């Protein structure tokens, strides 16, 4: 008996295989030759001898077998058995019919999101990552922030960071100085810098040498030039007001261990008020030695504040 109108297309509607009757009330239910177990007798439309049968009254279902209320004979005819559908089988939803409310929380996993399909338009303008750890690929940027130094109330004649430079993948660095402040108010103060130099993990101040540095220093404000070799420190600048604070940038080249020896170079631009200095300094470096730390000191008085950010330069 065919459907009147369009046959249902969702819910796993199926017509079961034909059954040959005999002198028994129980028969196997098959779909395409395989045993079929409907959810209940109420899920079947059964036509016997041209008459629709009432589920539960005229027949019952147990597993993949159907049992009629009385035994049939070989002259009886089971016209068809139609399955009305499987419980919870909704078929394929029509396009545009699944709304947000139909999805349970956490239903969409990473595996269900195609690669490279989350665009900037889908990201919030502000992201709060305060309670999360954000890992950045160091190879993705030429200038990588490695460390923040925020030392105040130092109150010591020198300020040193013996393990400043991270050599994991870096030989060149940028030290951006936010503020260097001294306590002295006397005139003609020098800001000196020294390095911790030596084999990996065993660096010492000045590499144990009393004349480790060569200095080429130009005072841009006055044109004064200082060019000396074999001195015990590098003078970054001279000032009459170290307590006013200084800012600038120090570029550090070839600070990593050099297998065949090398000459690390440091050039700086520091400024305060109307005074600016540039210095380019090199020191003698032995094979497999590297710069691991740095030390600052004024000619007299203490170093009070040192604030800076260290960046590694990818090559």
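The values are calculated or read from the model by the stated rules, or taken from the named source; none is laboratory data. Quick caveat: nothing in here was measured; it's all calculated off a predicted structure. Backbone-built Cβ (ideal geometry, glycine too); neighbour counts: all protein chains shown.
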Handout entry: Any hit, the stretch 207-214, residues being modelled with pLDDT of 75 or more, crowded, with 19+ Cβ neighbours inside 10 Å and either out of contact with any strand residue (DSSP E or B) (no Cβ under 7 Å at 6 or more places or on another chain) or outside the structural domain of residue 152 (by TED's automatic domain parsing) (or both)
Key = no
Problem - Boolean, residue 229 is surrounded by fewer than 17 Cβ atoms within 10 Å (Cβ to Cβ), modelled with pLDDT under 80 and part of a strand (DSSP E or B) - result: yes
Handout entry: Among the candidates 98, 83, residue that is farther than 15 Å from residue 27 by Cα, surrounded by 10 or more Cβ atoms within 10 Å (Cβ to Cβ) and within 37 Å of the chain's Cα centre (by Cα)
Key = 98
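Show me the strands (runs of 3 or more DSSP E) entirely contained within the stretch 103-205 in which 2 or more residues are surrounded by fewer than 12 Cβ atoms within 10 Å (Cβ to Cβ).
Of the strands (runs of 3 or more DSSP E) lying wholly inside the stretch 103-205, those with at least 2 residues that are surrounded by fewer than 12 Cβ atoms within 10 Å (Cβ to Cβ) span 143-151.
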Practice task
Starting from the stretch 238-252, keep only residues that are assigned to a loop (DSSP other than H, G, I, E, B), then list their pairs with residues that are at pLDDT 75 or above whose Cβ atoms are within a distance under 6 Å, requiring at least 6 positions of separation or different chains.
Solution key: 245/179; 245/181
